[in-house]
Amino acid sequence: MKFVFIIPCFNEEKRLNAEAFLEFCQTYPFVHFCFVDDGSRDGTAQLLENLHKANSMQIQFLQLPKNQGKAEAVRQGILHTAKQRQFAYIGYLDADLATPLSEIPFFIDLVVQKPHLILVAGSRISRMGASIERYLFRHYFGRVFATIVSAMLNLRFYDTQCGAKLIKSEIVEEIFKESFISPWLFDVEIVFRIMKMKDLENPVTLIYELPLNQWEEKGASKIKLIDLIRIPIELWRIGRKYR
């Protein structure tokens with residue numbers, strides 16, 4: 001059984017840990033990666049091309065002509081790999097490895113044990129025995145956001161926004177065939193689309209939140225004023241479309 005993870009990249013030349021991916025591929029030959037360059041303006045494309053050449057069997061490289069945002073980069077990567085008909089599950093991770101590669105085996109072990117699952121979502125639950133490093137304001141803002149989203153979905157979803165997901169390949173073409181409304185809240189749309197699938201009798205039992213053992217906040221810690229305005233508007237648009 002093969003797995004592939006989409007890695008959306010935008011100006012990641014100085015942050016992408018290429019060696020970490022190459023080492024992981026050596027240890028797990030059944031795990032593949034598809035890097036999607038989302039119209040980067042630095043040397044990301046060349047870096048990804050070199051990474052592909054270093055292990056063309058497990059590492060793919062897809063280049064978008066212009067920057068389209070994370071949601072579209074992930075969507076294009078998933079559709080690209082789904083057409084190859086060789087992967088049982090297709091997932092995605094952030095290029096900065098806020099969710100480290102060491103978490104991938106836990107996702108795989110879960111779907112092997114529970115093959116009925118169609119979506120496994122990483123969850124940043126801070127607890128004893130785990131190393132979940134989040135900025136305090138982002139954490140509390142995230143809890144308010146999660147409460148609103150849970151009410152919209154009518155699900156007890158702790159963390160829709162963690163950038164680590166694994167999806168059964170047989171449903172991805174239906175889930176990702178249309179562009180997303182929001183470039184940042186597309187994870188919420190994915191869950192909505194699964195819940196709306198007509199062929200699924202009880203989709204709630206097919207979704208699983210997997211508590212991560214390790215996660216580290218990367219990048220700027222500030223949530224800008226424009227975010228506080230934009231996020232409620234995008235949630236309203238999502239709710240209007242999918243209700």
If I histogram all Cα-Cα distances within region 57-118 using bins 10 Å wide from 0, what percent of pairs lands in each bin? 16, 45, 35, 5, 0
Using a ≥ b ≥ c from the Cα gyration tensor of region 104-243 (square roots of the eigenvalues), is it rounded, prolate or oblate, where a/c under 1.5 gives rounded and otherwise the larger of a/b and b/c decides, a/b for prolate? oblate
Starting from the Cα of K198, draw a straight line to each of the lysines and keep only those under 30 Å, dropping any in the same chain fewer than 8 residues away. K2, K70, K83, K114, K165, K168, K177, K241
Can you tell me the convex hull volume per residue for region 21-128, based on C-alpha atoms, in Å³ to the nearest whole number? 135
Share, in percent, of DSSP beta bridges within the chain that are antiparallel, nearest 5: 20
Mind checking which of G219, G43, G122 has the largest fluctuation in a GNM of the chain, springs on alpha carbons under 10 Å? G219
Please sort by residue number the trypsin sites (Lys or Arg not before Pro) in region 20-101 whose DSSP state is loop and whose Cβ has at most 16 other Cβ atoms within 10 Å. R41, K66, K83, R85
Pop a pseudo-label 7 angstrom from the Cα along the beta-carbon direction at both W184 and M197 and give the gap in nm to one decimal. 2.8
Most fluctuating residue of A71, A45, A54 in a GNM of the chain with Cα springs under 10 Å: which is it? A54
Looking at the chain as a GNM with Cα springs under 10 Å, which of L110, L97, L185 has the largest mean-square fluctuation? L110
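Distances longer than 27 Å among the Cα atoms of the chain: what percent of all pairs is that?
32
Each reported figure results from applying straightforward, stated rules to the coordinates on display, with no laboratory input. This structure is a prediction, so every number in the text was calculated from the model and none was measured. So basically every Cβ, Gly included, is an ideal-geometry build from the backbone, and we count neighbours across all protein chains shown.
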